[in-house]
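The values are calculated or read from the model by the stated rules, or taken from the named source; none is laboratory data. Since the model is a prediction, treat every value here as computed from it, not as a measurement. Cβ placement follows ideal geometry from the backbone for every residue including glycine, while neighbour counts extend to all protein chains displayed. Protein only, heavy atoms only, side chains kept; ligands, DNA and RNA dropped before computing areas. Shrake-Rupley method; radii C 1.70, N 1.55, O 1.52, S 1.80 Å.
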Amino acid sequence: MLYLIETYGCQMNKAESAALETQFTEHGWNCTDDPERADLVLINTCSVRITAENRAWGRIAYHAARKRSRKFFLVVTGCMAERLKESMRKKQPAIDYVLGNFQKQAFGLVLDAAARGERLPSIEESPVFSFAASHLEQGAFRSYVPIMHGCNNFCSYCIVPYVRGREVSRDPEAVYAELDALAERGVREVTFLGQNVNSYRWSDPNRSGSGDLDFPGLLRGAADRVRQTGIRRLRFMTSHPKDLSDETIDVIASDPLFARHVHLCVQHGSDRILKAMNRRYTKAYYLEIIAKLRERIPELSLSTDILIGFPGETEEDVEATLDLMREVRFAYAFMYHFNPREGTPAVTLPGVIPDAVKKERLARVIALQKEITRETMRSLVGTEAEVLVEDRSRRKEGELLARTDRDMMVVLPGETSRIGEFVQVRLESLRGVTFRAQEVF
Ligand code: SF4
């Protein structure tokens, strides 16, 4: 039996697709890229923006059209499936299953039924989210490891708490067991994932295992677990500023296993807009955390998300954001303008910013960030860095793509046999936002 999987959206979706692929393999299925041969097509969707949903509808329509001439199963999962549930099948009857975020534990049953050519009449929903045991993509040497799921923050523009539910932390013993398995399979770098990793908190229901554990405790435990293995780098994302504790900063600062990079979403630089976004921190508080991080880890690189054009935003608010960017000097940022998301409180806020104004403001934010990124990277030319070789370059034969622990991309000459190795390089020049480097012997 052959399957085809399409994944859209965030790292959590990528990790969950990798876990679903493990289930395909365990149930005897093989992967294909050819939609004309697949016995089951699985689309893992994103709901964070309406454009992501429109794209998913386009892909669903594409596969649905193929069902007119050929029999196969069409399954939709992910946040859009969770948000729209069975209404998706009403709109597109060619869909066989709409598998919400709390129904993935039944995926094995779906596969077994599909192998028999049958369709299950219904799928049970689990009351709590259950984590898969493994999230490793086949043959990969970097892996995501989800440590928590859901979000309690209810930022006023965000759909995540409605489609992923309340925060659930993963049993640390399951996290450590996954790390052991990844180390055994040659993984070199792990990124702990969650919508809000800093609020990780495990309370052992039996008081027999690891006891109560918070995020810095989990990081310490994980670092001790992998120290003698081939896993040489640990990262985490995404962090909410209000929950990034001094203790977490201390753990990162004191252990070189943790990458010298933190992604800390600021979203905006105006207190008035941060309040309307329900972010629950001020610009001053955010800058205080940045100062602590920089003091404890001077070589740290920082990245962020910036959301511009929020309802009620004035020119002064935009200036406050540009000022914050000039002060922090993020290495890079994901920048986007506000689009009302049906089902979130921000949809009804007054003071909607016209599209043309949003775009013009976003263009200014992007231009400033590009300048800061270039200056930051230029200042590193001539220095040495340890990089993890990730892939071969698609542009030029004999070149490899690698990443520094500050999360900056590097191209260096080398054989593909080096993929998966840590290499010491000298950053020789800069092309766009990628360093050209040479190995140092
Ligand atoms: S912290 Fe805010 S933006 Fe992030 S997932 Fe939770 S609600 Fe959404």
Single residue of segment 411-441 satisfying the filter (more than 14 Å from Ala385 (Cα to Cα) and over 27 Å from the mean Cα position of the chain (by Cα)) that is most open to solvent (accessible area, probe 1.4 Å): Glu415
Matching entry among Val163, Val175 (being in a helix (DSSP H, G or I) and modelled with pLDDT under 95): Val163
The one condition in (1) touching a residue at least 24 places away in the same chain (Cβ under 8 Å); (2) in a helix (DSSP H, G or I); (3) in contact with a Phe, Trp or Tyr (Cβ under 9 Å, 6 or more places away or on another chain) that Ile249 fails to fulfil: (3)
From Arg392, Arg361, residue being among the charged types (D, E, K, R), surrounded by 14 or more Cβ atoms within 10 Å (Cβ to Cβ) and over 24 Å from Leu427 (Cα atoms): Arg361
Criterion (away from the ligand (no atom under 13 Å from the Cβ), more than 30 Å from Glu178 (Cα to Cα) and of a type in the set (A, V, I, L, M)) met by exactly one of Ile231, Ile297, Ile252, Ile273: Ile273
When residues of segment 377-389 are limited to those that are under 24 Å from the mean Cα position of the chain (by Cα) and surrounded by 17 or more Cβ atoms within 10 Å (Cβ to Cβ), the one nearest to Gln424 (Cα to Cα): Val387
Lone qualifier among Arg166, Arg83, Arg89 - being charged (D, E, K, R) and outside the structural domain of Cys46 (by TED's automatic domain parsing): Arg166
Residues satisfying the stated conditions in segment 136-152, i.e. away from the ligand (no atom under 15 Å from the Cβ) and part of a strand (DSSP E or B): Arg142, Ser143, Tyr144, Val145
